[in-house]
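Each reported figure results from applying straightforward, stated rules to the coordinates on display, with no laboratory input. Source: prediction; values computed, not measured. Cβ atoms come from the backbone with ideal geometry, glycine included; neighbour counts cover every protein chain shown.
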Amino acid sequence: MAKTVKAEIEGLRAELRRHLHLYHVLDSPEISDVEYDELYRRLEKLEADRPDLITTDSPTQRVGDTPSSAFEPVTHRQPLFSLDNADSLEALEAWERRVVRGLEGEASGYMCELKIDGLAVSLTYEGGQLVLGATRGSGTVGEDITHNVRTIEAIPLVLLGKPPSLMEVRGEIYMPLTAFEELNKRQTESGGQSFVNPRNAAAGSVRQKDPAITATRRLAIWCYQVGHLEGGPPPPSQSETLDWLQELGLPVNPASERVDSRDGLEEYVQRALKDRHKHNYQTDGVVVKVDALAEQDVLGFTARSPRWAVAFKFPAEERTTLLKEIRINIGRTGAATPFAVLEPVFVGGATVTLATLHNEGELHRKDIRPGDVVTVRRAGDVIPEVVGPVLSARQGKKLRKWHMPKKCPFCGNPIVTEEGEARAKCTGGFECPSRLREYLFHFASRGGMDIEGLGYQTVDLLMKNDIIADPADIFTLGSEDLLTFEGWGEVSVNNLLAEIELAKDRPVARLLTALGLPLVGPTVAKSLTRRFWSIDLLMAASAQDLAAIDGIGPEIVSAVQAWASDPETIALVEKLRAAGVRLEDPEPESGIDESLAGVTLVITGTLERFSREKAKAAAENKGARVTGSVSKKTTALVAGANAGTKLAKATDLGVPVLDEAGFETLLAQGAEALTE
């Protein structure tokens, strides 16, 4: 009997895998969803009766891992390079001419693939079994999202045919437009926050700490390349690689096409541009690759990208629609920002109903008025904006100019524009519910205290029921505050409370950033807390002591002292202290190391003994300022392998360049090492 049950289980697994392949890869299902569900439930029942026969590659085991508190770093076996962009047909032609020069003749062919607007990932298979899923991350180091990618039905847990012993596959996870519409409908019905676009929805779904949530999001994937390969020679071309991936059971976009010439490239691009909204997914361009892998090897790489591939980006899209009204939003700093409420219009791959208007001065400069027919622009993930009015459509209409209201629509306090300022502000402080809402969301966001689960929907719920009125109230939440609300069970409540407990012990610089001091972002916060390692020391610091910190100018000094002396700040800090929030970092054992004070570094490329984050932290811990771009003010550039345009710019400007050994010497000897 046991043998019969085992055989039936194995047979059901094989049949379910075959149907998943037919559905997701070949797009030719043989059975209905109901019939598939019947087979799935039969397998579930057999495995429930015989748990000793359950294997990790069973179709029933896609969901079941416990929620993760973090995503572990993963070093890619081979870097995931970014692509150079071509923003016009002329630029695409220029790239093709460079290919011809590099090959000293015409390429034998090109592979054209739609550029999917999703999340780049790598999938690693050992012996044909999925063992690792990782985000692209920096291209060198990504995040382990294995538990979540296992929930995506389109990703096979076991490859078909004769897979190699080890293979790393690159792909793009996306959310089909139909799934995106259904998700936003569910979010709206439950009172949640709608997602802006399918790409954000896909990225957020993949990075859920609970795989069960990812499983409900109906994500899909297109695989487009092999990265690392062991146990078998690669196919000789990109086109044959895609065919091979499909034979192994991996989804490959059927819109991919091999062409023989530059004319074929342009024809494909024009057709892709024309048909961009006919697909059930967002696409924002075309990726063109030299087809033959031998020719790719000849062309090689620049410091940051392959010479054998380019991304043609579709131009920004513009559409006209009716500007129904202009409203304002009050942000976390009190800034009053006008935005447009539009007649829904499909532009840039999404339906747009709201668009930014920046500020009142810009609105008047463009002469945009409620009731206008306006041009709306959207490209990729850029927030939709109103370009301007269609003046010919205004003829015969008496449309009034819009002016910032004198009182805040949320709290009734005056709205004022200070002399020399472009943006108006609500004067209601945190009595304004809109400002408080944005402040609390910022405080809990990933850039603040990183409290997973405390998004707009939960903030709105807690504010509406008078449970939280400032950040300190978050840390006194109890299960009794949440269990009475619909949709909140013990699991979701305990998850949120666990996240809040973790947030209590964030570094002081993180807390300072979350509190939203004017002019104090993450970099300034780190500089301040290196010198004053507790909130109490910072609040007691003199203007002279603050100004002595490299990079802290008079405006920041004034902002910090005004914040520290504000009675509301003092009261909030005491509430945070009482709630058990960490207000002090460990005091440096041998005083503060300022050996790199006054040094401004830029770090680029791949270092062997440091991750980018660790290199930055090591420099900042010795007083250096680490920025993202090279300028004349840069003291030195730290350049690892595959350093790109920053290295070229540093050379042009005469900025000293350090390799990894030079960087380690700098850390050990201090700024004096730069003069030796």
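Descriptive notes on the structure:
- In region 355-508, lysine pairs with alpha-carbon atoms under 18 angstrom apart (chain gap of 8 or more, or interchain): 5
- The chain: relative contact order in percent, alpha carbon pairs under 8 Å with at least 6 residues between: 9
- With each label modelled as a point 7 angstrom along the Cα→C-beta vector, the N280-A571 pair spans 5.6 nm.
- Rounded tilt (10° steps) of 262-274 against the dominant C-alpha axis of the chain: 60
- Note on R41 and S558: the extension gain reaches 179.5 nm, defined as 0.36 nm multiplied by sequence separation minus the Cα-Cα distance.
- Distance in nm between pseudo-label sites at R97 and T302 (7 Å out along the Cβ direction from Cα): 1.6
- Whole-Hz couplings from phi, Karplus 6.51/-1.76/1.60, listed for region 155-172; x for Gly and Pro: 8, x, 6, 10, 7, 8, x, 10, x, x, 5, 8, 8, 10, 10, 9, x, 10
- Cα convex hull, region 508-578: 75 Å³ per residue, rounded to a whole number.
- Shown for the chain: cysteine residues without a partner Cβ closer than 4.7 Å, namely C112, C223.
- Residue-normalised convex hull volume from the C-alpha trace of region 279-402: 171 Å³ per residue.
- Tilt relative to the chain, helix 554-565 - C-alpha long axis, 0 to 90 degrees, to 10: 80
- Near the amide H of N413, within less than 5 Å, lie the amide hydrogens of C408, all on another chain or at least 5 residues away, with H placed in the peptide plane.
- A cut-off under 13 angstrom between Cβ atoms defines the neighbours of R400, and their net charge, with Lys, Arg +1 and Asp, Glu -1, is +2.
- A simple rule links phi to the HN-Hα coupling: the Karplus curve 6.51 cos²θ - 1.76 cosθ + 1.60 with θ = phi - 60°, which for region 423-430 gives 10, 6, 9, 7, 9, x, x, 8 Hz, with x for Gly and Pro.
- Taking the Kirkwood radius as Rh and the Cα radius of gyration as Rg, region 600-674 has a ratio of Rg/Rh equal to 0.91.
- N253 long-range amide H proximity, modeled H, under 5 Å: C223
- 3J(HN,Hα) along region 320-331, derived from phi through the Karplus expression 6.51 cos²θ - 1.76 cosθ + 1.60 where θ = phi - 60°, amounts to 9, 7, 8, 7, 6, 6, 10, 10, 10, 10, 9, x Hz, with x in place of Gly and Pro.
- On Cα atoms only, tilt of 89-103 relative to the major axis of the chain in degrees: 60
- Point-charge dipole on Cβ atoms (K/R +1, D/E -1) for region 91-205, about Cα centre, debye to 20: 80
- Restricting attention to the chain, close to 85% of DSSP beta bridges with both partner residues there are antiparallel.
- For region 508-578, the relative contact order is 29 percent, taking Cα pairs closer than 8 Å that sit 6 or more residues apart in sequence and dividing their mean separation by the residue count.
- Helical mean residue ellipticity (222 nm; -39500 (n - 2.57) per DSSP H run of 4+; nearest 500) of the chain: -10500 deg cm²/dmol
- For region 600-674, the relative contact order works out to 34 percent when only alpha carbon pairs closer than 8 Å and six or more residues apart are counted.
- Close amide H partners of G644, meaning residues 5 or more places away or on another chain with modelled amide H under 5 Å apart, are G605.
- Charges were assigned to the Cβ only: +1 to each Lys and Arg, -1 to each Asp and Glu. The resulting dipole of the chain about its Cα centre is roughly 1920 debye.
- Listed by chain and number, the lysines whose alpha-carbon sits under 21 Å from that of K616, ignoring those within fewer than 8 places in the same chain, are K526, K632, K633, K646, K649.
- The lysine pair tally for region 85-313, using Cα distances under 24 Å and a gap of 8 or more places or different chains, is 11.
- Ordering G348, G161, G231 by Cα displacement along the dipole of the chain toward the positive end leaves G348 in first place; charges were set at the Cβ atoms of Lys, Arg (+1) and Asp, Glu (-1).
- Principal axis analysis of the Cα atoms in the chain yields extents of 74, 70, 67 Å, listed in decreasing size.
- For region 517-676, the C-alpha radius of gyration divided by 2.2 N^0.38 Å, with N the number of residues, is 1.17.
- Radius of gyration and maximum dimension Dmax of region 432-503, Cα, Å: 11.2, 33
- With the charge dipole of region 85-313 set up from +1 on Lys and Arg Cβ and -1 on Asp and Glu Cβ about the Cα centre, the Cα lying farthest toward the positive end among the listed residues A212, V269, A179 is that of A212.
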